[in-house]
Amino acid sequence: MSPPTFEVTVPAGGLPSATSDLDVTLHRAAEHARPIRHPDVVTVRFGSDGSIVWARDHPPFVFPRLTATLWELLDGSVTLAELTTDIIEATGVGPETARRHVTSLALDLALNGLASGLDEVRSAWDALAPATDQRDYVESFEVVDGVKYLVTEFNLTKEESAAVSYGQASPLEMIPPTSCLGRKLQLDREAHLVRVPVGGRTNGVRTTDAEIAEWARRSTAVDRELERGPTVCYVTVDDAPGRPRRFGLYDEGGVLVASTVERDRIRDGISRLLLLHADLAPPPDHIELRVHALEKNGTVVLAPRSSLEQPRGMLRQLARHGISLIPAPRVYLDATSDHVAVPRADMTSLDDVTFDRFPVRGLWARGNRPEAELPMHEVALFARTSPGGDSDDRSSIVHAIRRLHGSVTVQREYRTTRSLPTLVGSIDAAFGTD
């Protein structure tokens, strides 16, 4: 076949490769595949930069220019081996580099519900994964774009896997207690577990603070024994001598949503987290986003989830600048204006929901690679933890964030920036000036 028309600039060092040292079987399976784009996948083109593609029940992907072009050619008429040849002819990169790029793409497509026709790729990948029922874990460091990440790898037993699959436990409960994340959530300490009925199912609140546990029990008193359910809130206590007792509140994904010395803020945060599992009707013409909302003087700046935990002490430094994190796991973006509505309810009556409305002054995000970050990367960061429902919902989320991105102040920092004053100053700048 004749090569498609590519207008690409190959980055220094060649094409990116998401997967290294792939088994030769995986290469062969990918080369012979004839993938077909899944019809339910949402594709939003960002001009010549590339595309965001988003499959149901998976996070959105950013495809840079070359990958976005390949994506549009996946109609089942060509094999990935033929596309590999096209890449070599169009870009001049070596065969191994082109093959690894296409194999990585095939694996992303197979594992993230983006395309059909990749059963052999998925089977080859599954065959590479060891099968075990041993409960063990390994922690190691990986350096990505100059940033060191701690990686914890562990296996679930069959019983644990079944508990997660049937909604009796959350994946976070399976974290080894003595791992870094387990210690952060204080899974290695004795704690109270309060079962709370929300939205027709039982949810758990885990806390190492007896007073918070007693409040939760009184607020949700029921006259029957509740079945086991997943833990969706984790309350930690830092009671080091010589300083005020500080509470941390984490959601079911282990994301920090509050760090405070005030129990009332923790109580408010628990109620807001539980609302995530209630049958909540959003305000008309509003789109649900799972992002952080930082408040200052009645206005907010939105930030992607998990972007405020490092370095330690960021929330405390923000508080000194009059900026507080609203302990809510979701907000509703007005599709017609730059405002968000944040749900609130009292623990004693989670069905009685009110919405606090805030104008959005800015967006703040952290990326990995300064030379590679584009607006579509930032849009994907804000969309990646939002609920990926039907195609219309996913499309609406991407377009709404894209519109907001173009109308408010946008501040960007990078993982390599570790200075608290720099990061806090950047967030403060996203609020603009009155």
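Summary table below
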item	result
Within the stretch 282-434, percent of DSSP bridges classed antiparallel, to nearest 5	70
Using a Förster distance of 56 Å, the FRET efficiency for R344-S48 (Cβ separation, nearest 0.05)	0.85
The stretch 319-434 - Kirkwood radius from inverse mean 1/r over Cα pairs (Å)	16.0
Rounded to whole Hz, the Karplus (6.51, -1.76, 1.60) HN-Hα couplings of the stretch 310-321, x for glycine and proline	10, x, 4, x, 5, 5, 5, 5, 4, 4, 5, 9
Stretchable slack from L193 to S337, in nm (0.36 nm times residue separation minus alpha-carbon distance)	47.7 nm
Full-stretch length increase - R263, S426 - with 0.36 nm per residue and alpha-carbon distance subtracted	55.8 nm
Label-to-label distance, nm, for residues given as I88 and S407 (7 Å Cα→Cβ offset)	5.0
Selection of trypsin sites (Lys or Arg not before Pro), the stretch 384-421, meeting DSSP coil and at most 12 other Cβ within 10 Å	R418
Under 5 Å, built H, 5+ apart or other chain: amide partners of G367	E413, Y414, R415
Amide H contacts under 5 Å for V257, placed H, 5+ residues apart	L249, Y250, D251
Label-point gap, in nm, between A127 and A278 - each point 7 angstrom along Cα→Cβ	5.1
Calculated diffusion of the stretch 375-434, Stokes-Einstein form, Kirkwood radius summed over Cα pairs, 4 °C and 1.567 mPa s, µm²/s	98
Under-5 Å amide H pairs with R305, H placed in peptide plane, nonlocal only	H292
For the stretch 190-314, convex hull of alpha carbons as volume per residue, Å³	141
Label-to-label distance, nm, for residues given as S77 and R418 (7 Å Cα→Cβ offset)	5.2
Table column - 3J(HN,Hα) (Hz), the stretch 292-299, Karplus curve with 6.51, -1.76, 1.60, x for Gly and Pro	7, 10, 9, 10, 8, 6, x, 10
Length released on extending from Q317 to H399, taking residue separation times 0.36 nm less the Cα-Cα span	26.2 nm
Residue-by-residue Karplus 3J(HN,Hα) for the stretch 388-394, coefficients 6.51, -1.76, 1.60, Hz, glycine and proline x	x, x, 6, 4, 5, 5, 5
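The numbers here are math on the coordinates, done by the rules we state, and not lab data. All figures in this text were calculated on a predicted structure; none of them were measured in a lab. We place every Cβ from the backbone using ideal geometry, glycine too, and count neighbours over all the protein chains shown.
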